[in-house]
Ligand code: M6R
């Protein structure tokens, strides 16, 4: 979703902010803008479309010391030039960028209009610019603006990270974090502000994740952070250890392809230091009391999108391997659904970004009801990692492509490790060789490319499976639809005959995920039912199972313990979705209408 990138320092501030903003493109956006203060006043440039269009429209050699830039993912008002950020007050004294949503903007807008303010956009953000205008006295200093931003938390409902430049101090950026992430960067030449770490990688040596309620005044030489209670916050700088290639395509045509190829590393990293030589899993970051409660309490898995599909996997693992009462819920439903959680429940919240608004809201609700919350999360320092009672980090590294791939792989790996810690014995032997099984899938990419050639013109896909394969089918369908725009549905295979079979004809491809032994014959019959209606049938098959008679195409998978097969199968199906989308000429890393980190409910 929206991205903020700011720089103050000795380098060309506009150029540096724009370079950082390019690193936030992955979040998904539809317009971009930049503002900078010079001693002549505030300059704002904005345009619908891509950051590169904005860069092309800027003059070279703009001599500014501070700049804030923004990518906007439209919520209030169409993606037009006038709705793009930064937004200004009536006197053009400030320019404001904003991530998040101001929920009570309509009431505030009406009040501000009555008091004589003129609005130039339809956005919720513009109310913040006008409120600042009313509250900041002439001759005020940057720390006065920080106090004004703090006061906004009393009047604005919703989530907002705000960055402001003011013509009175062309060397400063002032910002506030309130339920929408903001990170600071310290570089040799100055300081940076960003909504996510990739914007800082390769440009700053250290980062500092602001806490909710913090304000900051950044100048080329200084960073002053003030907590919500008005006290100065002690410096929290941490070295940025990721190198620039982790935020670049490194020769791959797309981030998604690079990230699928990083799956073996994601598995190894997620297990590193957590597997002892006897195959026992030790998750030292989870307190014993939490593990104990997971063994006898009610376990809920709550998440969105791909992470929810990992939750379906967790539900299955805890039910079938551990005989636990386990449930998976979509976060946006969980919160408003009177969830049956209490002090005996453990709610496992799964998220790549750790900033998904629905998941964060579900975490709060679970806590309110007395549950213990455990985050399974990829982004270190994210809101979810810090909100939950305990966090189990997946270590997939930065995921830039909007379609989640290696993060899902790492989530399943972490959940398998969690299940093993809780007593699931069937995985410990195969967990150490999971990464090499994934590598085997990647070496078969040519075969998958050929299948994609044969299938990419199809208009409809069904993904079928039973047990773990049904959870993987849900993820496979999501992957295909989000990047190729082909209609794809997932069903537990036995459910087809209860309705969806009516849709099967020669124009439909049915992908049967067949990695489960005990129901394999039933799965074969279900695929036969589709074949009998002229559906094309691709069997994605564990290599030690018989080939289904119905299969018109077969893709074999190396065999590992059944509960680990979703990782193997999904690597193949991620590649299939990728190559189909590539052949269809789709914008793979930034699919239409989608954002990487969904920070609105
Ligand atoms: O950052 P999160 O894991 O919380 O994100 C959840 C979903 O928004 C995300 O998985 C989404 O479904 C992806 N685009 C799927 O590829």
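Quick note: the coordinates plus some simple rules give every number you see, no bench work behind them. Here the structure is a predicted model, which means the values were calculated and not measured. With ideal geometry, Cβ positions are generated from the backbone for all residues, glycine too; neighbour counts draw on all protein chains shown.
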For the stretch 325-449, what does the alpha-carbon gyration tensor say about shape, rounded, prolate or oblate, given a ≥ b ≥ c as the root eigenvalues, a/c under 1.5 as rounded, and a/b over b/c as prolate?
-> prolate
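In square nanometres and to one decimal, what's the mean projected area of the convex hull around the Cα atoms of the stretch 444-591?
Values: hull surface 30.6 nm².
The orientation-averaged projected area of the Cα hull of the stretch 444-591 comes to 7.6 nm².
Mind ranking 578-587, 111-120 by how tightly packed they are, going by the mean number of other C-beta atoms within 10 angstrom, highest first? Numbers along the way, then the final one.
Working: 578-587: 19.1, 111-120: 12.8.
Ranked from most to least packed, the peptides come out as 578-587, 111-120.
If you count the DSSP beta bridges with both ends in the chain, what percent of them are antiparallel, to the nearest 5? Intermediate values should be presented prior to the final figure.
Numbers: 61 of 103 bridges.
Looking only at bridges with both residues in the chain, the antiparallel portion is about 60 percent.
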So what's the gap between the Cα centers of the stretch 193-254 and the stretch 11-68, to the nearest angstrom?
-> 19 Å
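Pull out the extension gain between residue 559 and residue 104, defined as 0.36 nm times the separation in residues minus the alpha carbon to alpha carbon distance; nm, one decimal.
Details: separation 455, 0.36 × 455 = 163.80 nm, distance 5.40 nm.
Extending this stretch completely gives an extra 158.4 nm.
Shape of the stretch 3-246 from its Cα gyration tensor (a ≥ b ≥ c, root eigenvalues): rounded if a/c is under 1.5, otherwise prolate when a/b > b/c, or oblate? Write down the numbers at each step before the final one.
Numbers: a/c = 1.43, a/b = 1.19, b/c = 1.20.
Taking the square roots of the gyration eigenvalues as a ≥ b ≥ c, the stretch 3-246 is rounded.
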Send over the Kirkwood Rh of the stretch 530-601, from the inverse of the averaged 1/r over different Cα pairs, rounded to one decimal Å.
-> 14.9 Å
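Per-residue counts of other Cβ atoms within 10 Å, averaged by peptide: what ranking do you get for 359-367, 194-202, 384-392, highest first? If you can, show how the numbers build up before the last one.
Working: 359-367: 22.9, 194-202: 25.6, 384-392: 20.8.
Going by the mean number of other Cβ atoms within 10 Å, highest first, we get 194-202, 359-367, 384-392.
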For the chain, longest principal axis from Cα atoms; helix 305-320 axis from its Cα atoms; angle between them, nearest 10 degrees, is 40 degrees
Taking Cα atoms, the helix 357-368 axis meets the longest principal axis of the chain at an angle in degrees (rounded to 10) of 80 degrees
Distance histogram for the chain (every C-alpha pair counted, 10 angstrom bins, percent rounded to whole numbers) = 3, 17, 26, 24, 17, 9, 3, 0, 0
If one compares the long axis through the Cα atoms of helix 142-155 with the longest principal axis of the Cα atoms of the chain, the angle in degrees, nearest 10, works out at 60 degrees
Two-decimal log10 I(q)/I(0) for the stretch 111-250, as the Debye equation yields it once each C-alpha is a single scatterer, q = 0.15, 0.16 Å⁻¹ | -0.78, -0.87
Roughly how many nanometres apart are two label points built 7 Å out from the Cα toward the Cβ at residue 155 and residue 426?
-> 6.0 nm
Restricting attention to the alpha-carbon atoms of the stretch 204-253, what are Rg (one decimal) and Dmax (integer), both in Å?
-> 15.2, 48
